[in-house]
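A short write-up of the structure that comes next.
Rule-based calculations on the coordinates, nothing more; no lab input. Quick caveat, the model's predicted, so the values are computed rather than measured. For neighbour counting, all protein chains shown are included, and Cβ atoms are generated from backbone atoms with ideal geometry for every residue, glycine included.
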There are 4 protein chains.
Amino acid sequence: MAEAHETADQRNAIGRTEWVIAEGYIPSGGTGGSPALESHETACILNASDSPANVEITIYFSDREPAGPYRLTVQPRRTLHQRFNDLSDPEDVPRDTDYAAVIRSDVPIVVQHTRLDSRQSALALLSTIAWAG
Amino acid sequence: MAEAHETADQRNAIGRTEWVIAEGYIPSGGTGGSPALESHETACILNASDSPANVEITIYFSDREPAGPYRLTVQPRRTLHQRFNDLSDPEDVPRDTDYAAVIRSDVPIVVQHTRLDSRQSALALLSTIAWAG
Amino acid sequence: MAEAHETADQRNAIGRTEWVIAEGYIPSGGTGGSPALESHETACILNASDSPANVEITIYFSDREPAGPYRLTVQPRRTLHQRFNDLSDPEDVPRDTDYAAVIRSDVPIVVQHTRLDSRQSALALLSTIAWAG
Amino acid sequence: MAEAHETADQRNAIGRTEWVIAEGYIPSGGTGGSPALESHETACILNASDSPANVEITIYFSDREPAGPYRLTVQPRRTLHQRFNDLSDPEDVPRDTDYAAVIRSDVPIVVQHTRLDSRQSALALLSTIAWAG
């Protein structure tokens with residue numbers, strides 16, 4: 001369904017280069033008992049292009065200057081479901097703390113935000129496509 | 001509310017031809033005990049136009065080349081709630097595995113992404129309108 | 001923050017005139033024991049303008065022609081949280097059945113889609129801004 | 001990744017100045033036993049710019065004129081997760097009542113809408129990026 005004069009890379013480069021998750025919160029507790037069911041907050045990133053995506057995440061807080069950038073690479077034609085729990089360089093993302101995230105890439109990507117909350121005996125899930133700047 | 005010079009098909013052709021679900025994950029377990037309550041991940045597609053929608057789904061992974069395209073048809077003026085669990089040609093969608101999906105159609109459609117998770121005794125639900133490319 | 005030459009009505013007329021909910025499903029069961037906790041699916045509509053919004057909802061199915069239009073009015077500067085469960089003219093919306101909805105208005109509105117599922121002992125919630133055509 | 005001739009403020013000013021949450025509802029009950037697990041409805045606001053964001057929230061109801069504006073400020077490079085439960089000037093937001101919210105700012109912001117519902121023993125979560133007017 002693509003135009004004949006497009007390159008494969010142009011055809012597959014879906015998305016935008018700037019995304020925002022305004023609601024971030026990692027609960028410190030969890031009842032899941034396994035990594036899959038541990039409370040976590042995830043930025044699900046798709047790089048459908050044929051070039052590596054160099055991604056920078058900046059974390060904003062309510063009462064201090066932003067942290068980051070956190071740098072990561074999403075390989076061509078790959079998805080990366082990055083848990084904020086696992087970001088540690090330049091610093092950990094604090095638990096039980098309101099935050100927001102801006103995600104920038106040098107090639108178009110798509111970002112979806114998901115949280116699994118297992119603080120109580122039943123897990124709760126939320127997900128939304130991030131805001132494309 | 002449509003312009004008089006539009007055809008019925010133009011007036012009803014709502015949506016876009018390229019959609020992205022960046023967060024995909026089918027849990028392998030479930031406590032529901034019935035097909036409706038089995039853990040599942042669904043692409044809900046509306047074809048409000050008067051032509052059949054020929055749809056191609058490509059599945060992206062974190063560590064291998066994409067799978068697909070999976071081909072399906074949504075009849076005119078119909079909705080199709082396609083479970084990723086049920087996609088099998090050219091290959092099954094693996095369980096307990098992060099993935100993302102790009103959905104392309106030859107007529108405008110609308111795609112919403114929903115997951116029901118019944119791994120624990122209480123079910124969890126998420127839904128978001130997919131990203132329109 | 002509005003331009004001085006706008007009328008109050010233009011300034012307040014937020015949104016679009018065509019919206020799509022691609023994922024519809026009303027579970028027939030529920031454990032809530034009260035109307036607030038009964039399983040339901042809702043189109044939350046905001047009419048921030050100073051004119052009444054004449055709204056038409058068309059329901060699409062997987063295996064039959066669409067139903068509707070269902071007609072309703074949202075008064076100026078009012079919100080209406082319309083349960084699909086309560087639509088009955090020209091026909092009830094069937095339970096345990098996949099559907100999708102197109103919502104058209106003669107003035108700009110905003111539509112958000114929410115479902116509360118109380119089939120199991122713990123309720124589940126989903127919500128997403130509808131697709132603006 | 002920004003153009004060299006942009007100022008830092010222009011580069012960081014992500015978002016829009018008008019946002020809508022069409023689905024609002026604060027349950028009066030809750031089983032959480034702690035502020036974090038009390039039923040609440042939140043507008044998560046990110047001000048990534050280098051100027052303070054002066055924000056006005058107007059609350060719309062089904063059967064009366066709107067309330068507000070509620071005024072708040074989000075400092076530069078900060079996020080504010082504002083619970084509707086805590087808005088009190090010019091009046092409290094009523095519980096167990098359908099409402100909608102329009103959020104306007106004098107600098108671009110991003111708004112995400114989240115609800116935690118703890119009326120039953122298991123909590124339920126929803127979240128969606130608000131509608132950008």
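For the ranges B:71-83, A:39-51, what's the packing order if you count other beta-carbon atoms within 10 Å of each residue, average per peptide, and put the highest first? Provide the component values of the computation, followed by the final result.
On the way: B:71-83: 18.2, A:39-51: 23.2.
Descending mean neighbour count gives A:39-51, B:71-83.
For residue C:71, which inter-copy label distances result when the label point lies 7 Å beyond Cα on the Cα-to-Cβ vector, reported in nm to one decimal and in ascending order?
4.4, 4.5, 6.3
Summing +1 for each Lys or Arg and -1 for each Asp or Glu, what net charge is found among the other residues whose Cβ lies under 15 Å from the Cβ of residue A:61? Intermediate values should be presented prior to the final figure.
Details: positive: A:64, A:95, D:77, D:78; negative: A:23, A:41, A:63, A:65, A:91, A:92, A:96, A:98.
Net charge around residue A:61: -4.
How far is residue A:28 from the same spot in each other copy, in nm, shortest first, if each label point sits 7 Å from Cα toward Cβ?
Once sorted, the set of distances for residue A:28 reads 3.4, 3.4, 4.8 nm.
Compute the Rg to Rh ratio over the range B:67-133 from the alpha carbon atoms, using the Kirkwood formula for Rh, and round to two decimal places. Walk me through the numbers before you get to the answer.
Working: Rg = 13.6 Å, Rh = 14.0 Å.
Expressed as Rg/Rh, it is 0.97.
Which of B:126, D:87 has the fewest other C-beta atoms within 10 Å, and how do the rest follow up to the most?
If I rank by nearby Cβ atoms, fewest first, I get D:87, B:126.
Partner chain Cβ atoms within 10 Å, averaged over the residues of C:107-116 - can you pull that number for me? Intermediate results must be reported in sequence, preceding the final value.
On the way: counts 0, 1, 2, 10, 4, 11, 7, 7, 4, 5.
So the per-residue partner count for this stretch is 5.
When a footprinting reagent is the concern and you count Cβ atoms within 10 Å, what order do D:117, A:86 take, fewest first? Numbers along the way, then the final one.
Numbers: D:117 25, A:86 10.
Least to most surrounded, the residues fall as A:86, D:117.
Report the FRET efficiency, 1/(1 + (r/R0)^6), for residue B:106 and residue C:63, where r is their Cβ-Cβ distance and R0 is 30 Å, rounded to 0.05.
Details: r = 22 Å, r/R0 = 0.73.
The formula returns an efficiency of 0.85 here.
Averaged over its residues, how many other protein chain Cβ atoms are within 10 Å of peptide C:67-77's Cβ atoms?
1
Inter-copy label distances at residue C:94, 7 Å along the Cα→beta-carbon direction, one decimal in nm, shortest first?
Distances to the matching label points in the other copies: 3.8, 3.8, 5.4 nm.
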